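**Student:** Attaching a single structure in structure tokens format; questions to follow.
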């Protein structure tokens, strides 16, 4: 299992580096061509928009890898570490199910575009551009589900040890 997780992490990292490097190279080329030669690559700007989508979605999965995703922490100062773990368990479950719902609906959307043969930017089938959405949301949902199980387990251990000390 660890080998699979490490492989997924490595694949995400490589994909981020390749996408970002390609974007920098393509955008720089486009700027140079426009400023020095008064023309540009017609397909570059739409491709850059697609790459921004992919980069953002993959970046979100990388951020969720270690629970470093954007979150608002208003309650940690008001609760002990034990009770905060319980709150995190519920937040993790909620996040997980929302992401899995988005992934499910995203997969339905991609399937519809595939079946209908919808063509996106640059003649690329739309489903190939959109497929990143259900994949990344599913991965984030699975990660937060596993986080919530870990947080719930930590809460139970802390709660039980605290209860046994008070008896």
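Residue-wise test of (1) touching a helix residue (DSSP H, G or I) at 6+ places or on another chain (Cβ under 9 Å); (2) buried (at least 17 other Cβ atoms within 10 Å of the Cβ); (3) modelled with pLDDT of 95 or more.
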residue: 54; (1), (2), (3): yes, yes, yes
residue: 67; (1), (2), (3): yes, no, no
residue: 76; (1), (2), (3): yes, no, no
residue: 85; (1), (2), (3): yes, yes, no
residue: 130; (1), (2), (3): yes, yes, yes
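**Student:** Does at least one position in the stretch 16-35 carry a residue that is in contact with a helix residue (DSSP H, G or I) (Cβ under 6 Å, 6 or more places away or on another chain), within 22 Å of residue 134 (Cβ to Cβ) and not assigned by TED's automatic domain parsing to the domain that holds residue 140?
**Tutor:** Checked the stretch 16-35: at least one residue is in contact with a helix residue (DSSP H, G or I) (Cβ under 6 Å, 6 or more places away or on another chain), within 22 Å of residue 134 (Cβ to Cβ) and not assigned by TED's automatic domain parsing to the domain that holds residue 140.
**Student:** Sort through 61, 95 and tell me the only one that's outside the structural domain of residue 16 (by TED's automatic domain parsing) and surrounded by 17 or more Cβ atoms within 10 Å (Cβ to Cβ).
**Tutor:** 95
**Student:** Taking residue 63 and the conditions (1) in a helix (DSSP H, G or I); (2) over 16 Å from residue 53 (Cα atoms), which numbered condition does it fall short on, given that it satisfies the others?
**Tutor:** Looking at each condition in turn, residue 63 falls short on (2).
**Student:** Out of all the residues in the stretch 110-122, is one or more modelled with pLDDT under 95, within 23 Å of residue 49 (Cβ to Cβ) and part of a helix (DSSP H, G or I)?
**Tutor:** Checked against the condition, which is being modelled with pLDDT under 95, within 23 Å of residue 49 (Cβ to Cβ) and part of a helix (DSSP H, G or I), the stretch 110-122 yields at least one hit.
**Student:** Residue 158: surrounded by 15 or more Cβ atoms within 10 Å (Cβ to Cβ) and either in contact with a helix residue (DSSP H, G or I) (Cβ under 8 Å, 6 or more places away or on another chain) or closer than 21 Å to residue 59 by Cβ (or both), yes or no?
**Tutor:** yes
The values are calculated or read from the model by the stated rules, or taken from the named source; none is laboratory data. Please read all numbers here as calculations on a predicted model, not as lab measurements. As a convention, Cβ positions derive from the backbone with ideal geometry for all residues, glycine included, and neighbour counts pool all protein chains shown.
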